[in-house]
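Nothing in this text is a laboratory measurement; each read-out follows from the coordinates by a stated rule. Note that the structure is a prediction, hence the values are computed from the model and not measured. Reconstructed Cβ throughout: ideal geometry from the backbone, glycine too, with neighbour counts over all protein chains shown.
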Amino acid sequence: MQADRQVLAALEREWQGLVEVADTHVATWSRAIPALWGVQTLDDVVLCCAGDAACLALIRRARQGETLAGRVILQAMLEPLSTAQLPHSVTWSEAVTTAWLRIVDTPVSEWPADPRTDDRDEGSRPGAGSVMSSLVRATVRSLWRDPRHGSRIRLPASLPMADDAPADLECVRVLTEALSLGLLEPADALMLHDVYMEGLSVEAVARAQQRSGQTVRRRCNSSLSVLRRHKALLAAA
């Protein structure tokens, strides 16, 4: 993902401004939402979003028009999004916009009906809970599917690390469907994208992902084998 210092700086300024004036909202949430009992600041609320009960309660409030509730969810998504495997052409502006759409548009029926427990102990790092993780995954899938990020680019006919590769299938569509079906991990899809679409060397990809060149070659070969085995399924998707 392309770094955008201006967007990140603007988000941070906005957040700090909200932290200074949100005491009334935080107090209201603390009284009304069991998973937020005892919180005192917006930053406390963000930490609680690692738990599904708090995250889901805020999503529902965002759907009811509480913009600040949605902004808290977005703030909790920033860290996991910053480490997610996204197309290199994606900007922070696009990632943030897509994340916001997932927050306000994903049908409530897709989430648990009514989690009752206070699950703040699931972890203090945003992104640990299943609801937050689902939001991040949905955002990543949407960005990979965006045609602006190369949906018409195809795998080359000749691949340097594998024979009989599925060169007749559109690369991004194949990667997207493979991710959706759970056939590939995001990191492996990104390796294929970088090596075969971006034309980066194995060594460059290894440095970027802090892996050895041997690991990149092995995982690319393994991923291509998965795509070959499921070629008919991916072609029909």
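Once fully extended, how much extra length lies between T24 and D4, figured as 0.36 nm per residue of separation less the alpha-carbon to alpha-carbon distance? Before the final figure, lay out each step's value.
Values: separation 20, 0.36 × 20 = 7.20 nm, distance 3.22 nm.
Answer, rounded to one decimal: 4.0 nm.
Quick one: if you stick a label point 7 Å off each Cα along the C-beta vector at R137 and D105, how many nm between them?
Between R137 and D105, the simple spin-label model gives 2.0 nm.
For segment 171-236, what is the charge dipole size about the Cα centre, in debye to the nearest 20, if Lys and Arg each add +1 at the Cβ and Asp and Glu each add -1 at the Cβ? Please list the in-between numbers first.
Values: 9 positive and 6 negative charges, 52 e Å.
Here the size comes out at about 240 debye.
Quote to one decimal, in nm, the extra length available between H88 and A187 on full extension: 0.36 nm per residue of separation minus the C-alpha distance between them. Don't skip to the answer; put the middle values down first.
Working: separation 99, 0.36 × 99 = 35.64 nm, distance 1.28 nm.
Here the segment from H88 to A187 would lengthen by 34.4 nm.
Please compute the length gained on full extension between D43 and S180, using 0.36 nm multiplied by the number of residues separating them and subtracting their Cα-Cα distance. Write down the numbers at each step before the final one.
Values: separation 137, 0.36 × 137 = 49.32 nm, distance 3.23 nm.
Full extension from D43 to S180 adds 46.1 nm.
What order do you get for 20-32, 65-77 when each peptide is scored by the mean count of other beta carbon atoms within 10 Å, highest first?
Values: 20-32: 14.2, 65-77: 20.3.
Taking the mean over residues of other Cβ atoms within 10 Å, the ranking is 65-77, 20-32.
Under 5 Å between amide hydrogens, which residues at least 5 positions from D4 or on another chain qualify, with H placed 1.01 Å from N in the peptide plane?
Amide H neighbours of D4: W92.
Using only the Cα atoms of segment 171-236, construct the convex hull and provide its projected area averaged over every direction, in square nanometres to one decimal.
On the way: hull surface 15.7 nm².
The number I arrive at for segment 171-236 is 3.9 nm².
What are the ³J(HN,Hα) values, in whole Hz, obtained from phi via the Karplus relation 6.51 cos²θ - 1.76 cosθ + 1.60 with θ = phi - 60°, for each residue of segment 81-90 in sequence order, with x given for Gly and Pro?
3J(HN,Hα) across segment 81-90, in whole Hz: 5, 5, 10, 6, 8, 10, x, 4, 7, 6.
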